[in-house]
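One structure is given below, encoded as structure tokens.
The values are calculated or read from the model by the stated rules, or taken from the named source; none is laboratory data. The structure displayed is predicted, hence computed values, not measured ones. With ideal geometry, Cβ positions are generated from the backbone for all residues, glycine too; neighbour counts draw on all protein chains shown.
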Amino acid sequence: MRIALAQLELSASVEENLDAVKATIARAAQGNADLVVFPEATMKAFNSGRLDVVAESSSDRFVAEVSQAAHDAGISVVVGMFRPADQVERDGKTMHRVFNSLLLAWRDEDGPGVEFYDKLHLFDAFGFRESDTVAPGNAHVVCDVPLADGSSVALGLATCFDIRFPEQFIQLANLGAEVIALPASWNDGPGKVLQWQTLVSARALDSTCVIAAVDAARPGGAKAAGKDEGPTGAGYSMLVNADGGVIASAGCGPQLLVADVDIAEVERIRRSIPVLEIRDQG
């Protein structure tokens, strides 16, 4: 299986981000990738304006154009976006919350296949309260997606802060996931990249799944790297094998990273390190 990690620098403009996604889908397909994974919030960068407005006005078009691009290119795509959710009261204000969603799109015989995952664990940490503007999801998602050789792979979905909850990744593995796509828009700061790298490898070991962890590129590049700023990306996307070994990794800037994974290795690793089986016995 060939996986592309699309570490984009995100903007406030849905149009600009959508154009970048479609162009990158084409590039990944030209590189014979089976799957391309984009960051969380690819639709609109965090800290760049209200999410509910774009969720209401642009979500349908975003889904239609991305899924059609995936279908036309014959590639599966995971990309972060926002969808309308609910209305709540916060400190005397009415908040129109969104779902922090992942769109999974793939080529199907009858047209584009589409599935959504809504982020389960919201980023109410480090002084942020994502739950004020984002509603939590309520379901784990694993889907079979096609590969170029005619076979398929079971793909699980998780988003950014979910990475700090190992039970979610274990549950995805128990639901059959062999690969987990993990888009993120990581909060940079002292030690944060090390936390990201450690957590990605740890979740691969917990679940004995391949982890395709794709963060947004660091705004401002290397000069800004390491500064304590909002959750707009730190870079350092990673493709990690089911035994925790790093297959490929990026730096902090924009990059399309393409690498091959032997899915048969997942079953071999699970026989060698049967943590899922032993956990069930406990």
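If I ask for residues that are among the β-branched types (Val, Ile, Thr), modelled with pLDDT of 95 or more and more than 22 Å from GLN30 (Cα to Cα), which ones from the range 64-109 would you list?
In the first step, residues of the range 64-109 are kept if they are among the β-branched types (Val, Ile, Thr); the result is 66, 75, 77-79, 88, 94, 98.
Among the residues that remain, those that are also modelled with pLDDT of 95 or more are: 66, 75, 77-79, 98.
If the condition is that a residue be among the β-branched types (Val, Ile, Thr), modelled with pLDDT of 95 or more and more than 22 Å from GLN30 (Cα to Cα), then VAL98 is the only one that fits.
Of the conditions (1) assigned to a loop (DSSP other than H, G, I, E, B); (2) under 19 Å from ASP188 (Cβ atoms), ALA213 fails just one. Which one is it?
(1)
Restricting to the range 189-210, count the residues that are outside any helix (DSSP H, G or I) and under 17 Å from the mean Cα position of the chain (by Cα). Reasoning before the result, please.
Kept after step one, since they are outside any helix (DSSP H, G or I), are these residues of the range 189-210: 189-191, 208-210.
Those still in the list that are under 17 Å from the mean Cα position of the chain (by Cα) too: 209-210.
Summing the residues that are outside any helix (DSSP H, G or I) and under 17 Å from the mean Cα position of the chain (by Cα) in the range 189-210 gives 2.
Out of ASP124, ASP72, report the one residue that is acidic (Asp, Glu), surrounded by 14 or more Cβ atoms within 10 Å (Cβ to Cβ) and either in contact with a Ser or Thr (Cβ under 6 Å, 6 or more places away or on another chain) or on the phi < 0 side of the Ramachandran plot (or both).
Working: ASP124 fails: surrounded by 14 or more Cβ atoms within 10 Å (Cβ to Cβ).
Result: ASP72 is the single residue among ASP124, ASP72 that is acidic (Asp, Glu), surrounded by 14 or more Cβ atoms within 10 Å (Cβ to Cβ) and either in contact with a Ser or Thr (Cβ under 6 Å, 6 or more places away or on another chain) or on the phi < 0 side of the Ramachandran plot (or both).
Could you please tell me which pairs satisfy a Cβ distance under 7 Å, a separation of 6+ or placement on different chains, a first residue in the range 133-156 that is closer than 15 Å to LEU104 by Cβ, and a second residue that is aromatic (Phe, Trp, Tyr) and crowded, with 20+ Cβ neighbours inside 10 Å?
GLY137/PHE99; GLY137/TYR117; VAL141/TYR117; VAL145/TRP106; PRO146/TRP106
Taking the options ASN32, ASN17, name whichever one is closer than 23 Å to ALA213 by Cβ, at pLDDT 95 or above and assigned to a helix (DSSP H, G or I). Show your work before the answer.
On the way: ASN32 fails: assigned to a helix (DSSP H, G or I).
Within the list ASN32, ASN17, the selection yields ASN17.
Quick check: is even one residue across the range 197-207 in contact (Cβ under 8 Å) with a residue 24 or more places away in the chain, closer than 19 Å to MET1 by Cβ and touching an Asp or Glu at 6+ places or on another chain (Cβ under 7 Å)?
no
If you go through the range 231-254 one residue at a time, how many are of a type in the set (S, T, N, Q), touching a strand residue (DSSP E or B) at 6+ places or on another chain (Cβ under 8 Å) and under 14 Å from LEU8 (Cβ atoms)? Talk me through it step by step, then tell me what you get.
Of all residues in the range 231-254, those of a type in the set (S, T, N, Q) come to 232, 237, 241, 249.
Next, only the ones that are touching a strand residue (DSSP E or B) at 6+ places or on another chain (Cβ under 8 Å) stay: 237, 241, 249.
Filter again for under 14 Å from LEU8 (Cβ atoms), leaving 237.
Result for the range 231-254: 1.
Since ARG97 meets every condition but one in (1) outside any strand (DSSP E or B); (2) surrounded by 20 or more Cβ atoms within 10 Å (Cβ to Cβ), which condition does it not meet?
Of (1) outside any strand (DSSP E or B); (2) surrounded by 20 or more Cβ atoms within 10 Å (Cβ to Cβ), only one is false for ARG97: (1).
Here are ASP132, ASP60, ASP108: which of them is surrounded by fewer than 18 Cβ atoms within 10 Å (Cβ to Cβ) and in contact with a strand residue (DSSP E or B) (Cβ under 6 Å, 6 or more places away or on another chain)?
Values: ASP60 fails: in contact with a strand residue (DSSP E or B) (Cβ under 6 Å, 6 or more places away or on another chain); ASP108 fails: in contact with a strand residue (DSSP E or B) (Cβ under 6 Å, 6 or more places away or on another chain).
Checking each option against the conditions leaves just ASP132.
Hey, among the residues in the range 226-255 that are surrounded by fewer than 17 Cβ atoms within 10 Å (Cβ to Cβ) and of a type in the set (A, V, I, L, M), which one's nearest to LEU276 (Cα to Cα)?
It comes out as VAL246.
Applying the selection to the range 240-268, what residues are over 20 Å from ALA23 (Cβ atoms), out of contact with any Asp or Glu (no Cβ under 7 Å at 6 or more places or on another chain) and part of a loop (DSSP other than H, G, I, E, B)?
Passing the criteria: ASP243, GLY244, GLY245, GLY251, CYS252, VAL261, ASP262.
Might you let me know whether the range 163-179 holds any residue that is over 15 Å from the mean Cα position of the chain (by Cα) and in a strand (DSSP E or B)?
No.
Testing ASN47 on (1) polar (S, T, N, Q); (2) within 18 Å of SER237 (Cβ to Cβ); (3) in contact (Cβ under 8 Å) with a residue 60 or more places away in the chain, one condition comes back false. Which one is that?
Going through the list (1) polar (S, T, N, Q); (2) within 18 Å of SER237 (Cβ to Cβ); (3) in contact (Cβ under 8 Å) with a residue 60 or more places away in the chain, ASN47 breaks only (2).
Inspect the range 217-237 for any residue being out of contact with any His (no Cβ under 6 Å at 6 or more places or on another chain), assigned to a strand (DSSP E or B) and either at pLDDT 95 or above or among the aliphatic types (A, V, I, L, M) (or both) and give the result as yes or no. Before the answer, list the steps.
Initially, the range 217-237 is screened for residues out of contact with any His (no Cβ under 6 Å at 6 or more places or on another chain), giving 217-237.
Applying the additional criterion that residues be assigned to a strand (DSSP E or B) yields none.
No, because not a single residue in the range 217-237 is out of contact with any His (no Cβ under 6 Å at 6 or more places or on another chain), assigned to a strand (DSSP E or B) and either at pLDDT 95 or above or among the aliphatic types (A, V, I, L, M) (or both).
Of all residues in the range 162-208, which are buried (at least 23 other Cβ atoms within 10 Å of the Cβ), modelled with pLDDT of 95 or more and more than 22 Å from VAL36 (Cβ to Cβ)?
ALA173, THR208
Can you find, within the range 76-88, the residue that is farthest from the chain's Cα centre (by Cα) among those that are closer than 21 Å to ALA216 by Cα and among the hydrophobic types (A, V, I, L, M, F, W, C)? First the steps, then the outcome.
Our first condition is that a residue be closer than 21 Å to ALA216 by Cα; within the range 76-88, this holds for 76-83.
Okay, now just the ones that are also among the hydrophobic types (A, V, I, L, M, F, W, C), so 77-79, 81-82.
Working: VAL77: 10, VAL78: 6, VAL79: 6, MET81: 10, PHE82: 13 Å.
The residue in question is PHE82.
List the pairs whose first member sits in the range 101-130 and is of a type in the set (Val, Ile, Thr), whose second member is buried (at least 21 other Cβ atoms within 10 Å of the Cβ), and whose Cβ atoms are under 6 Å apart, counting only residues at least 6 apart or on separate chains?
From the range 101-130, the pairs are VAL114/SER67; VAL114/ALA105.
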